[in-house]
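A short reminder: the numbers here are calculations on the coordinates, not readings from a lab. Since the model is a prediction, treat every value here as computed from it, not as a measurement. Cβ placement follows ideal geometry from the backbone for every residue including glycine, while neighbour counts extend to all protein chains displayed.
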Amino acid sequence: MSLIKISKIDKIEIVGDFNHVQCRQAIWVEDNGVIVGGKKYNRYVIAPSDDVSSETKETRDICAVVHTKAIKDAYKIHSENTSNL
């Protein structure tokens, strides 16, 4: 018996006016290549102001493309204006 826990970002979507990057992480256990107990999923969102240094290369590359300076600046203004409500 050889149990291995696997975690992989299996879906990345760009959503909203400020190009938030929505990631879905699949987690499962394999026993000799066979999935045991099914998959579980976690989701999280990366805003234009978030640090992405700990993300996968693929996720960092996507963020670099969609989180342009214009998007980051607009998001900063939006965040400052909505925090005063």
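The table below gives the values:
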| item | result |
| --- | --- |
| Label of the coordinate-derived value, Rg and Dmax of the Cα atoms in Å, listed as (i) 16.9, 57; (ii) 12.9, 40; (iii) 17.2, 50 | (i) |
| Percent RCO, i.e. relative contact order, over region 3-83, from Cα pairs under 8 Å lying at least 6 residues apart | 25 |
| Signed unit charges on C-beta, dipole axis of the chain, positive-most listed residue 26, 36, 16 | 36 |
| Förster radius 41 Å - calculated FRET efficiency between residue 30 and residue 70, Cβ distance, rounded to 0.05 | 0.40 |
| Amide proton proximity set for residue 46, modelled H, under 5 Å, gap of 5+ | 21, 22, 23 |
| Residue with peak Gaussian network fluctuation, the chain [Cα springs, cutoff 10 Å], from 13, 58, 30 | 30 |
| Within the chain, percent of DSSP bridges classed antiparallel, to nearest 5 | 100 |
| Debye, to nearest 20: dipole size of region 3-83, +1 on Lys, Arg Cβ, -1 on Asp, Glu Cβ | 160 |
